[in-house]
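Report on the structure given below.
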Amino acid sequence: MNRAALRTAIPFTAATTLLLAAANAGAAAADDEPVPADGAHLVLNGGRTVGPDGEIEFSFVGDKSHAKAPQASSSCPEVNDPPTYKVKGTPYFLPDLRKPQSTWLLPRQTVSWTVTGSHTFTWDIGAGYEAEASIIVEKAKVKVDTKISNSWTWTGTQTVTDTNTTAKGYRAVLGQVGWKLTAVKTWIAAPCNVRTKTIVVKAPRKGDMSIGRQNS
């Protein structure tokens, strides 16, 4: 594969982009996963906001490997190019697993909890992806949201409230709104093949406790 054809085959650019677009994040979640309440909005870098159904996108180039691929030749020097990552992110509700609290709400019912003490949230990543997940979170911190991290502990006293304004019942769940980052890594493998890998990171962010909504 020549260089021109190879560039055409890779569906990304090296330039970093940050896009805000409407998307239905709630519909993409599994039925048994709580989602952010309708009033949840995250403030991004630069003051932009994204709601619970919003989506962000950004891209970045990874570090170049210091070891050259032995199969690389003048016909495919891209084998030694650094990988690129295209990331999509949506607000994601992380339930408080260490101090779980939930209740079923029928339409027009309200729940109010006074939360105290320390509540810790940590990221959820695939096995063996720790190094790349760390890079993805650090890039997201710079490009999207300075409050994102791999671990966050909220400490204090706070009252959280949710009223069911929908026509159906749901379970109100105590937790915190973070991010779900889905990154597609693309690189060139010997002899000259385009390879991709998907890495999903569910990461907390510095912020208050809140209530999510679960179908079951």
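The values are calculated or read from the model by the stated rules, or taken from the named source; none is laboratory data. Everything numeric in this text was worked out from a predicted model, so none of it was measured. Ideal geometry is used to build each Cβ from the backbone, glycine not excepted, and the neighbour counts take in all protein chains shown. Just so you know, the surface numbers come from the protein's heavy atoms only, side chains and all, with ligands and any DNA or RNA stripped out. Shrake-Rupley method; radii C 1.70, N 1.55, O 1.52, S 1.80 Å.
For V142 and A190 in the same chain, what is the full-extension length gain: residue separation times 0.36 nm, less their Cα-Cα distance, in nm?
Between V142 and A190, full extension yields an extra 14.0 nm.
What FRET efficiency comes out for the pair Q101/V61, r = Cβ-Cβ distance, R0 = 41 Å, nearest 0.05?
Details: r = 43 Å, r/R0 = 1.04.
My answer for the efficiency is 0.45.
Can you give me the accessible area per residue for the stretch 30-189, using a 1.4 Å probe, in Å²? Don't jump to the answer; show the numbers that get you there.
Values: 8150 Å² over 160 residues.
In whole numbers, the stretch 30-189 has 51 Å² accessible per residue.
Using the Karplus curve 6.51 cos²θ - 1.76 cosθ + 1.60 with θ = phi - 60°, what ³J(HN,Hα) values do you get for each residue of the stretch 165-178, in whole Hz, with x for Gly and Pro?
So the J values, rounded to whole Hz, are 9, 8, 8, 10, x, 8, 9, 7, 10, 7, x, 7, 8, x.
What's the extension gain from T182 to V200 if we count 0.36 nm per residue and subtract their Cα-Cα distance? Let's see the in-between values first.
Working: separation 18, 0.36 × 18 = 6.48 nm, distance 0.45 nm.
Extending this stretch completely gives an extra 6.0 nm.
Hey, what's the Cα Rg ratio for the stretch 125-188 versus the globular rule of thumb, 2.2 N^0.38 Å? Before the final figure, lay out each step's value.
Working: Rg = 16.8 Å, N = 64, 2.2 N^0.38 = 10.7 Å.
Rg over 2.2 N^0.38 Å, computed on Cα atoms: 1.57.
With r defined as the distance between the Cβ atoms of T114 and S75 and R0 fixed at 45 Å, what FRET efficiency is calculated, to the nearest 0.05?
Efficiency computed from Cβ-Cβ geometry: 0.10.
For the stretch 80-216, build the convex hull from the C-alpha positions and give me its volume per residue in Å³. Let's see the in-between values first.
Working: hull volume 17.7 nm³, N = 137.
Convex hull volume per residue, Cα atoms: 129 Å³.
For a quick check of understanding: with a 1.4 angstrom probe and all protein chains in place, what accessible area in square angstrom does H41 have, to the nearest ten?
Answer for H41: close to 110 Å² accessible.
Report P(r) for the stretch 57-158: all Cα-Cα distances, bin width 5 Å, range 0 to the bin holding the largest distance, values in whole percent.
Going out from 0 Å in 5 Å bins, the stretch 57-158 shows 2, 8, 14, 15, 14, 12, 11, 8, 5, 3, 3, 3, 2, 0 percent.
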